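Report on the following structure.
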Amino acid sequence: MYICSIIYLFAMKRIVFLTGAGMSAESGISTFRDSDGLWEQYSVEEICTHDAWLAHPAKLLDFYNMLRRKYMNCKPNEGHRLIASLQQYFDVKVVTQNLDSLHEQAGCKSVLHLHGEMMKARPDGPDRGVYYPLDPANPDIHMGDQTPDGVQLRPHIVFFGEAVPNLERGAEIVSTADILVIVGTSLNVYPAASLLNYAGSQVPVYVVDPKPVTSPYRTFTQIRKGASEGLGELVKILVENK
Ligand code: APR
């Protein structure tokens, strides 16, 4: 039985989803660069850079404590559920720029977070892959909250100006795709946007996004719709051609 499952998995095509903020927009999480996006309301330099963290850590902790509590009220949308539903037909891998855990909550088994995870903390200093899950009953991080060996905790978020430790793993995953689907990212932020470059030249690439998206690396088939509606259309096509 177990051997049959392994053989079946090898026979499945691999779909890699590269997702961004638009994936979670219908769950009530703001995107970054739309007209009502987060970076219209707050300055990136003040809130999301390595220098800002060094200059005023307490202010950043307060900001991400506020944002974390908003994220905690959000639930997966139909788009997240559609991606999870494809696991019965395909080997599905998700590489996301999002900090929320909505893919996991929808049931996706393989999710790589490029820019960190809102519900985890890590020690200040270089990211050494040590993360602490935050308690949903008491999720805030404050100045003075420390690891057992006395290092200040900070959000597990990759700020601008910091390395992206999961980039190499993300590139490996994209390089193994039989089909690549990009959902809800403006492809404006590097190095994440460069992951497209790692898909094989014959790999079909689909984009689901209501606004036109372009990339210097590839042309693709775009479905100009929101995540739920657009993925509804795409999933039918993918399942019919599996
Ligand atoms: N469904 C699908 N896509 C949507 C929807 C929706 N309902 N609503 C908006 N979008 C699209 C927008 O058209 C836009 O192309 O989502 C995209 C969001 O782009 P950005 O705001 O730039 O977000 P993202 O690409 O995820 O940003 C990348 O930038 O600030 C950093 O670290 C942050 O991970 C983030 C990174």
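The values are calculated or read from the model by the stated rules, or taken from the named source; none is laboratory data. Keep in mind the model is a prediction, meaning the values are calculated, not measured. Positions of Cβ are generated from backbone atoms using ideal geometry, with glycine treated the same way; all protein chains shown enter the neighbour counts. Areas reflect the complete protein model, heavy atoms only, side chains present, ligands, DNA and RNA absent. Shrake-Rupley method; radii C 1.70, N 1.55, O 1.52, S 1.80 Å.
With springs connecting C-alpha atoms under 10 Å apart, model the chain as a Gaussian network and identify which of 18, 99, 134 has the largest mean-square fluctuation.
Judging by the Gaussian network model, the answer is 134.
Non-local amide H neighbours of residue 119 (under 5 Å, H modeled in plane, Pro and chain starts lacking H): which ones?
Here the answer is none, since no amide H 5 or more places off falls under 5 Å of that of residue 119.
How much accessible area per residue does the stretch 2-240 have, counting only protein heavy atoms and a probe of 1.4 Å, in square angstrom? Walk me through the intermediate numbers first.
Numbers: 11760 Å² over 239 residues.
Averaged over the residues of the stretch 2-240, the accessible area is 49 Å².
Grab the beta carbon distance between residue 172 and residue 151, set R0 = 30 Å, and tell me the FRET efficiency rounded to 0.05. Please report the intermediate quantities before stating the final value.
Details: r = 30 Å, r/R0 = 1.00.
With a Förster radius of 30 Å, E is 0.50.
Evaluate the charge dipole of the chain about its Cα centre and quote only its size in Debye, nearest 20, assuming +1 on the Cβ of each Lys and Arg and -1 on the Cβ of each Asp and Glu.
On the way: 22 positive and 27 negative charges, 148 e Å.
The dipole of the chain has a size of about 700 debye.
Non-local amide H neighbours of residue 177 (under 5 Å, H modeled in plane, Pro and chain starts lacking H): which ones?
Under 5 Å from the amide H of residue 177 lie the amide H atoms of 200, each far enough along the sequence or on another chain.
Leaving ligands and nucleic acids out of the surface, order 13, 236 by accessible area at 1.4 Å, largest first. Don't skip to the end; give the middle numbers.
Values: 13 80, 236 135 Å².
Heavy-atom accessible area, descending, gives 236, 13.
What residue among 64, 182, 148 has its Cα farthest toward the positive end of the dipole of the chain, where the charges are +1 on Lys, Arg and -1 on Asp, Glu, each on the Cβ?
182
Taking H placed 1.01 Å from N in the peptide plane, check which residues at least 5 places from residue 182 or on another chain put their amide H under 5 Å from its amide H.
Amide H to amide H, under 5 Å and 5 or more residues apart or across chains, residue 182 pairs with 18, 206, 207, 208.
For residue 12, what accessible area in Å² do you get when you roll a 1.4 Å probe over the heavy atoms of the protein chains, rounding to the nearest 10?
30 Å²
Can you work out the PRE-style zone for residue 69? Point 7 Å along Cα to Cβ, and I want the residues of the stretch 23-49 with backbone N under 16 Å.
Answer for the stretch 23-49: none.
From the backbone phi of the stretch 67-72, what are the Karplus-calculated ³J(HN,Hα) couplings (6.51 cos²θ - 1.76 cosθ + 1.60, θ = phi - 60°) in whole Hz, Gly and Pro given as x?
For the stretch 67-72, the Karplus-derived couplings read 5, 4, 5, 5, 4, 5 Hz, x marking Gly and Pro.
Expressed as a whole number of Å, what is the distance separating the alpha-carbon centroids of the stretch 85-118 and the stretch 151-168?
19 Å
With a Förster radius of 41 Å, plug the Cβ-Cβ distance of residue 132 and residue 215 into 1/(1 + (r/R0)^6) and report the FRET value to the nearest 0.05. Before the final figure, lay out the partial values.
Values: r = 36 Å, r/R0 = 0.87.
Computed FRET efficiency for residue 132 and residue 215 comes out at 0.70.
Show me the chymotrypsin sites (Phe, Trp or Tyr not before Pro) within the stretch 59-126 that DSSP assigns to loop and that have at most 14 other Cβ atoms within 10 Å of their Cβ. Can you show the working numbers first?
Details: sites: 63, 64, 71, 89, 90; in loops: 89, 90.
Here the chymotrypsin sites (Phe, Trp or Tyr not before Pro) that fit, given the DSSP loop and packing criteria, are 89.
Could you list, in their original order, any pairs among 109/211; 75/242; 93/242; 109/225 whose Cα atoms are separated by more than 23 Å? If you can, show how the numbers build up before the last one.
Details: 109/211 29 Å; 75/242 29 Å; 93/242 16 Å; 109/225 25 Å.
Beyond 23 Å: 109/211; 75/242; 109/225.
In whole Hz, what ³J(HN,Hα) sequence does the stretch 118-125 give by Karplus (6.51, -1.76, 1.60; θ = phi - 60°), x for Gly and Pro?
So the J values, rounded to whole Hz, are 4, 8, 10, 10, 9, x, 4, x.
Considering only protein heavy atoms and a 1.4 Å probe, what is the carbon-and-sulfur percentage of the accessible area of the chain? If you can, show how the numbers build up before the last one.
Details: 6530 of 12160 Å².
Of the solvent-accessible surface of the chain, carbon and sulfur hold 54 percent.
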